[in-house]
1. Provide the per-residue ³J(HN,Hα) series for the stretch 110-125, in order, calculated from phi with Karplus coefficients 6.51, -1.76, 1.60 and θ = phi - 60°, each as a whole number of Hz, with x at glycine and proline positions.
2. Taking 0.36 nm per intervening residue step and subtracting the Cα-Cα distance, what contour gain separates T277 from L94 on full extension?
3. What residues have an amide H closer than 5 Å to that of V140, excluding those fewer than 5 places away on the same chain, when H is modeled at 1.01 Å from N in the peptide plane?
4. Non-local amide H neighbours of L222 (under 5 Å, H modeled in plane, Pro and chain starts lacking H): which ones?
5. Working with all protein chains in place, sort D242, D278 by solvent-accessible area computed with a 1.4 Å probe, largest first.
6. Could you calculate the FRET efficiency of A296 with A331 from 1/(1 + (r/R0)^6), where r is the beta carbon distance between them and R0 is 30 Å, rounded to 0.05?
7. Once label points are set 7 Å from the Cα along Cα→Cβ at both V104 and A233, what is their separation, rounded to one decimal in nm?
8. List the residues whose amide H sits under 5 Å from the amide H of R172, counting only those 5 or more places along or on another chain, with H placed 1.01 Å from N in the peptide plane.
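The values are calculated or read from the model by the stated rules, or taken from the named source; none is laboratory data. Source: prediction; values computed, not measured. Methodologically, a virtual Cβ is constructed for each residue, glycine included, from the backbone with ideal geometry; neighbour enumeration extends over all protein chains shown. These area figures cover heavy atoms from the full protein model, side chains too; ligands, DNA and RNA do not enter into them. Shrake-Rupley method; radii C 1.70, N 1.55, O 1.52, S 1.80 Å.
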Amino acid sequence: MAGAEGPGEAASGFSDLSDSELLQLEEPEPEPGGGGSPRTARDPDPDPAPAPLRVTELAAQSWCELQAALGRRRPVPPAPGRAALLRAGTHLHLARELEVHDIVDVPTSSREDAWAVRVLNLLTMIPVLQAGDCVRELPVFGLIEGVFLTGVIDELCYNIKGELELNELKTRSRPVMPSEAQRRRDHFQVCLYKYIFDAMVQGCLKPDIFTSHVSLSPEQLLGSEVKQHAQKAGFTVSTFGDLLELLCLNLTFSDIPHIDCLKINYNHQESNILLGTDIVLYEEKKVREKAQYYLAYWKGQREAQGVDIEEAWKCQFCDYSEICDWRRTRAEMPLQRSGPKKTK
Ligand code: SF4
């Protein structure tokens with residue numbers, strides 16, 4: 001697997017974040033503060049171009065939509081305690097990834113180069129899945145309700161029944177299972193992964209989805225290092241469009257099954273002890289309805305909403321509590337309900 005390096009990476013606005021990204025939304029910790037949008041070594045700078053929505057961002061709306069919106073518009077660095085947790089989570093994921101493949105840095109010089117590296121990562125995982133083996137940190141791309149989403153699946157492997165199983169790892173700073181609110185968010189996250197992955201292997205991902213939704217040029221010539229990297233992986237390509245064609249063809253004719261089973265493992269970070277496993281029920285209609293509701297905000301069809309009064313406890317651990325009008329308004333009317341109950 002490759003990580004993009006260089007200006008293209010900086011321009012991509014796209015990072016291989018999975019659990020490490022979500023650690024920012026962990027349940028209240030003893031230390032104050034936290035939250036924000038940490039950037040990993042693979043995502044060193046914000047993207048000056050409009051960045052696609054991440055699965056984790058969409059899922060984060062079920063925790064607090066306003067926090068998710070502010071996190072994207074006004075990212076703040078995580079507090080020191082949270083930053084240490086994030087680093088530990090990132091290292092754990094990296095170690096797990098290295099168990100199944102090597103990681104090489106590929107210098108990039110354009111946005112298309114940076115995306116090409118992710119596309120190549122996915123392309124090289126297709127034969128591994130076809131051979132019945134396990135993959136980790138698998139990139140996914142696709143549309144839901146007309147919005148382009150990106151994400152990274154922690155692990156896909158075949159279980160003893162021969163079913164394709166998604167395993168998401170969540171590390172916890174405290175040795176307890178997360179709250180219902182967090183689990184709702186996590187369940188939605190893995191359901192979104194399944195939705196996008198299944199669409200990809202059913203041939204729904206088309207090259208023009210990348211070019212029209214993320215403003216990437218199919219004619220863009222790939223940098224020499226990216227072409228070399230592709231060549232080593234067995235692909236001869238010149239332009240970004242060549243690579244997209246290859247990806248879509250390979251996915252469509254791959255015979256990889258859809259995901260049968262969704263599992264989330266919660267581990268204690270320090271001891272690495274498994275705290276519990278959630279088996280997640282997938283109901284496509286509900287996933288689409290929920291996505292439609294949350295995406296209405298990103299489509300500019302409604303304002304972002306903060307938490308309901310019953311969940312106001314979340315605000316005291318939020319990095320945006322000082323500037324949050326929603327919280328202030330709620331604090332000024334403590335005896336009233338927080339407004340119409342959200343149904344999602
Ligand atoms: S302060 Fe509360 S309502 Fe405002 S963004 Fe944070 S969690 Fe959401």
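1. 8, 4, 4, 4, 4, 5, 4, 5, 5, 4, 5, 4, 5, 4, 6, 8
2. Numbers: separation 183, 0.36 × 183 = 65.88 nm, distance 2.11 nm.
The T277-L94 span can extend by a further 63.8 nm.
3. Under 5 Å from the amide H of V140 lie the amide H atoms of G151, V152, I153, each far enough along the sequence or on another chain.
4. Here T239, F240 satisfy the definition.
5. The residues order as D242, D278, largest area first.
6. Plugging the Cβ-Cβ distance into 1/(1 + (r/R0)^6) gives 0.70.
7. 1.1 nm
8. Under 5 Å from the amide H of R172: N267, H268, Q269.
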